[in-house]
Amino acid sequence: MVIAIDGPAASGKGTLARRLASHLGRPHLDTGLLYRAVARDLLDRNEPLSDPEAAARAAAALDTAALDDPRLRSREMGEAASIVSAVASVRETLLAFQRRFAAQPGGAVLDGRDIGTVVCPEADLKLYVTASPEERARRRQRELAQSGQPSDYETVLTDIQRRDARDQGRPNAPLRQADDAVLLDTTELDAEAAFRQALVIVEARLRV
Ligand code: DC
């Protein structure tokens, strides 16, 4: 079973995808890490994030086995990833890897922005996970504090709104809910409640 989970920054999709994958015993790919790693490699080489040639080279040379670098989790890398992800050649290069991952026997869980619309349009189940920008900003601020990066709420909220606008407004594979995706609004749900609701949806799908 292939499960595609999309949604905006800090919607809870990553936590949910990880928990579902572990519950179902399936591999999980956080596709945002791919874009974050391309951004890191460009920044490390002092190359511009939106230069199509440099970005395409970085995507082609990406070591997809090394996505556990803690630097990838920073706020700055999220912003840089959002810029790099608008480059068409980067998306094209990363597409093949994501599709291979999804095609593993037994399926997989992938989360990102365009999994249900572009990467896995034939996924068995698509979830679109969202929450209000204010709630997402509170969550992101909490996460940053827990990882030793204190931040100001208004700054985090502005970041989230800018990221939403960029991810939804780009011409290539913009963030949007696939027509056949189930909407899961987690504004009023904690991670446990979101997981329970998603599991009900998954189990209903496994029965048909
Ligand atoms: O999910 P994330 O915050 O780690 O994603 C970082 C950026 O990467 C996001 O702002 C847009 C981009 N991204 C994308 O364009 N497509 C994906 N499937 C995943 C992430």
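Under unit Cβ charges (Lys, Arg +1; Asp, Glu -1), what dipole magnitude, rounded to 20 debye, does segment 95-182 have relative to its Cα centre? Spell out each step's value before the answer.
Numbers: 14 positive and 14 negative charges, 47 e Å.
It works out to roughly 220 debye.
What are the ³J(HN,Hα) couplings of segment 193-203, residue after residue, when phi is run through the Karplus curve with 6.51, -1.76, 1.60 and θ = phi - 60°? Round to Hz, x for glycine and proline.
Result, rounded to whole Hz: 5, 5, 4, 4, 5, 5, 5, 4, 5, 5, 5.
Using only the Cα atoms of segment 167-206, what are the Rg and Dmax in Å?
Expressed in Å, the Cα Rg and Dmax of segment 167-206 come to 13.2, 35.
Under the rule that an exposed site lies in a DSSP loop and has at most 12 other Cβ atoms within 10 Å, name the longest stretch of the chain with no GluC sites (Glu not before Pro) of that kind, not counting the sites themselves.
Values: sites that count: GLU122, GLU188.
Excluding the exposed sites themselves, the longest stretch runs over 1-121.
Can you list, largest first and rounded to whole Å, the semi-axes you get for segment 141-208 by taking the square root of 5 times each eigenvalue of its Cα gyration tensor? Before the final figure, lay out each step's value.
Numbers: eigenvalues 162, 86, 15 Å².
Result for segment 141-208: semi-axes of 28, 21, 9 Å.
Of the chymotrypsin sites (Phe, Trp or Tyr not before Pro) in segment 32-126, which ones lie in a loop per DSSP and count no more than 12 other C-beta atoms within 10 Å? Intermediate values should be presented prior to the final figure.
Values: sites: TYR35, PHE97, PHE101; in loops: none.
In loop regions of segment 32-126 (DSSP not H, G, I, E or B), there are no sparsely surrounded chymotrypsin sites (Phe, Trp or Tyr not before Pro).
Which stretch or stretches of segment 28-52 have amide N atoms under 18 Å from the point lying 7 Å from ARG162's Cα along the Cα→Cβ direction?
Output list for this probe position: 36, 39-40, 43, 48-51.
So which trypsin sites (Lys or Arg not before Pro) in segment 37-136 are both in a DSSP loop and have at most 16 other Cβ atoms within 10 Å of their Cβ? All intermediate terms of the calculation are to be shown ahead of the outcome.
Working: sites: ARG40, ARG45, ARG57, ARG71, ARG73, ARG75, ARG91, ARG99, ARG100, ARG113, LYS126, ARG136; in loops: ARG45, ARG113.
Here the sparse-neighbourhood loop sites are ARG45.
For a label point 7 angstrom out from the Cα of GLU122 toward its Cβ, which stretches of segment 178-195 have the backbone nitrogen within less than 20 Å?
Zone members listed by number: 178-182.
Could you give the nm distance between label points at SER74 and THR155, where each point is 7 Å from its Cα heading toward the beta carbon?
1.3 nm
Over segment 1-111, what is the mean sequence separation of C-alpha contacts under 8 Å (at least six apart), divided by residue count, expressed as relative contact order in percent? Mind showing how you got there, number by number?
Numbers: 132 pairs, mean separation 50.9, N = 111.
In percent, rounded to a whole number, it is 46.
Could you tell me, in Å, what Rg and Dmax come out for the Cα atoms of the chain?
16.3, 51
At 7 Å along Cα-to-Cβ for each site, give me the label-to-label distance between ALA204 and MET1 in nm.
Calculated label separation equals 1.3 nm.
Quick note: the coordinates plus some simple rules give every number you see, no bench work behind them. Bear in mind that the values here come from a model prediction, so they are computed numbers and not experimental data. When we count neighbours, we look across all protein chains shown, and the Cβ atoms used for this are built from the backbone with ideal geometry, even at glycine.
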